[in-house]
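Every read-out reported here was derived from the displayed coordinates using simple, explicitly stated rules and does not represent laboratory data. The structure displayed is predicted, hence computed values, not measured ones. Every residue, glycine among them, receives a Cβ derived from its backbone with ideal geometry; neighbour counts consider all protein chains shown.
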Amino acid sequence: MAEARVRIRIGGTEDVPAVLALYDGAVEWLAASGRSGQWGTEPWSGSPRLTERVRRFTELGEMRVAENEGDLVGAMRLGPAPEFIPSIQEPDLFLEALVIDRRCAGLGVGKALLDHARTEAADKGISLLRLRCWAGGDQGLVRYYERAGFVRSGRIRRDGPLGRWEGVILSQRLQHSDRSSCPA
């Protein structure tokens, strides 16, 4: 398949159902592939807590959505680090909840979203992009971000509705002249 022609924009509340459908598809795929530790086994659309989380991201202007030929094919949240993430002594932009329509896997949607995050950080004069990701399973998600230029900068363990969640914090130092250096 050819690489997707992706357009990134700020997501609004009208995008919440489509974004929840992306997360539902990802949860189904993750659970079927033995990776339910990342986002559980239940659809996000059936959880008032997760539905409100996505709605809050849009209301705060932190949701970014990726479109390909008019279809919503990816999403992520960009904003301040969540309160449970260790603080650092410099400004950063925090990326979380990146999700791609499984039908578009390998078509460059994730790369487009990561490139957009880099550009947005650079436009704000921020030279550090951070994220957290699940560190369980076969470590495939961690390797994906490492191939995209992120390095491990911490670990996190958190008790939540799905039990104990273990992850890593990954960081990428940005050069303001290099706004899209994602090889993945």
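Which shape class applies to the stretch 96-135: rounded if a/c is under 1.5, otherwise prolate when a/b exceeds b/c and oblate if not, where a ≥ b ≥ c are the square roots of the Cα gyration tensor eigenvalues? Kindly include the intermediate steps, with their values, before the conclusion.
Numbers: a/c = 3.46, a/b = 1.58, b/c = 2.18.
Oblate, since a/c reaches 1.5 and b/c is not below a/b.
With viscosity set to 0.890 mPa s and temperature to 25 °C, compute the Stokes-Einstein D of the chain, Rh being the Kirkwood radius across alpha carbon pairs; µm²/s, no decimals. Don't jump to the answer; show the numbers that get you there.
Values: Rh = 16.7 Å.
Rounded to a whole number, D works out at 147 µm²/s.
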Points 7 angstrom from Cα along the Cβ direction at D138 and R7: gap in nanometres? 3.6 nm
Value of [θ]222 nm, deg cm²/dmol, for the chain, DSSP H segments ≥ 4, -39500 (n - 2.57) each, nearest 500: -9500 deg cm²/dmol
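Taking other Cβ within 10 Å of each residue's Cβ, how do I100, I156 sort, fewest first? Can you show the working numbers first?
On the way: I100 23, I156 16.
Ascending Cβ contact count within 10 Å gives the list I156, I100.
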Could you work out how much longer the chain between S153 and E83 gets when fully extended? Use 0.36 nm per residue separation minus the Cα distance between them, nm to one decimal. 23.5 nm
Residue span S33 to S127: 0.36 nm per residue of separation minus Cα-Cα distance leaves a gain in nm of 30.3 nm
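How much FRET efficiency would the formula 1/(1 + (r/R0)^6) give for S47 and E69, where r is the Cβ-Cβ distance and R0 is 22 Å, rounded to 0.05? Don't skip to the end; give the middle numbers.
Details: r = 30 Å, r/R0 = 1.35.
Efficiency for this residue pair is about 0.15.
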